[in-house]
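Read the figures in this text as sums done on the coordinates, not as results from a lab. Treat the numbers as computed from the prediction; the structure is a model and nothing was measured.
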Amino acid sequence: MKDFCTSDLSAIAGKRVLVTGHTGFKGSWLTMVLHSMGAEVMGYSLQPNTEPAMFDVVNVSQYCHSVIGNILDKDKLEQTFADFMPDVVFHLAAQPIVRTSYNIPVETFEVNTLGTLNVLEAIRKLNNACVGIMITTDKVYLNNETGQAYKESDPFGGYDPYSASKAAAEIVIDSYRNSFFNPEKYSEHKKSIASVRAGNVIGGGDWAADRLVPDIARALSANKAINIRNPKSVRPWQHVLEPLFGYITLAAKILQSPTLYNEGFNFGPNPNDVITVGEMAQMGIDIWGQGILEFPQMTNQPHEANLLSLDISKAAKVLEWKPLMNAKSALEMTIKWYKAYYDGCDMNAFTLKQIEEYCNLR
């Protein structure tokens, strides 16, 4: 694979990087990007839980060592960490769907909160220096539905089990950062921990239920109408590569300065790309070239936030990171991926090409 690494991210090259949740949508993209940068990647995750799954469609397993395991299996997780001795950990493994969390609240809290605790413990028990990038969500903030852009200093909260489980994970992360990984005692523990929060990511290869763009792709590929649940809900839309490069940028910064950047960071789109579900769906139809929207009457639906946006000024100032795509270009890249898939293209080559195209924007 061509090395797409740029000078500001060169600290990742040659590092041992462990990705939890590598068989998922974001984990698959991250694994490919890290490999392209010259990292040795180990993945720890359950089997892919969608059909189809990007991990299989793109053959991501060729870019990593892969361990199939549950992050709730503490012993197996810790043994994997001890054997691989990662320099960097990206923790993505999660139950990521708000609506699903209403059906399996206990499992959601176990995976998202206790699973994060297990990963932190595995890092703590390493004998080598390690950077931990803990991925949570924009939904960790106490959402007052005013439409304000949430800053890293805003209080945590969570109406639904998913949001609450991720907010609880943030508290666990902060506790470990203070108790065991305090930057003031770095010479003793050699661990650096940061948490990262992104909004609604889109990109090819996501087939999860109850997500807008996968629903659009499934409907349009089958010449069916797109059913829209909450057309007026506002979300911070961004292509999956945007936050992933933010996470990697943060990891590279910490590798170079281990006692700095041990904090929380937001990664989201520019403010004018925080648009409604209905607007995104119509844009998807325009890009695809056909399709119709339907708005079925939804009753007894679980609560989902109507307004969500992130203030990304800290990442821009401290990390010199910024989004490179707007909502339309992000959706265009995403729709092109799905159309290529349904047209029977070589999706490994196509995905690598999209990564290269994104890197050329940098």
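Results, tabulated for the structure shown:
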read-out	value
Cα long-axis angle, helix 115-124 against the chain (0 to 90 degrees, to the nearest 10)	30
Of ALA209, ALA222, ALA281, the one that fluctuates the most in a GNM where the chain has Cα springs shorter than 10 Å	ALA222
C-alpha long axis of helix 347-359 to longest principal axis of the chain, angle in °	70
Kirkwood-type radius of the chain, with distances r between different C-alpha atoms, in Å	20.5
Percent antiparallel among DSSP beta bridges (both partners in the chain, rounded to 5)	10
Highest-fluctuation residue, ASN272, ASN230, ASN262 considered, GNM on the chain with Cα pairs under 10 Å	ASN272
Cα gyration tensor shape of the stretch 52-142, rounded if a/c is under 1.5, else prolate or oblate by comparing a/b with b/c	oblate
Cα gyration tensor, the stretch 306-362 - rounded (a/c under 1.5), prolate or oblate	oblate
Calculated [θ] (222 nm, deg cm²/dmol) that DSSP helices of n ≥ 4 give over the chain, each run adding -39,500 (n - 2.57)	-11500 deg cm²/dmol
0 to 90° range, to nearest 10: angle between helix 161-179 axis and the chain longest Cα axis	20
Tally of Lys pairs whose C-alpha atoms are under 19 Å apart, taken over the stretch 93-249, 8 or more apart or cross-chain	7
Share antiparallel - DSSP beta bridges, the stretch 119-239, percent rounded to 5	10
Longest to shortest principal axis, alpha-carbon extents of the stretch 1-105, angstrom	45, 30, 23
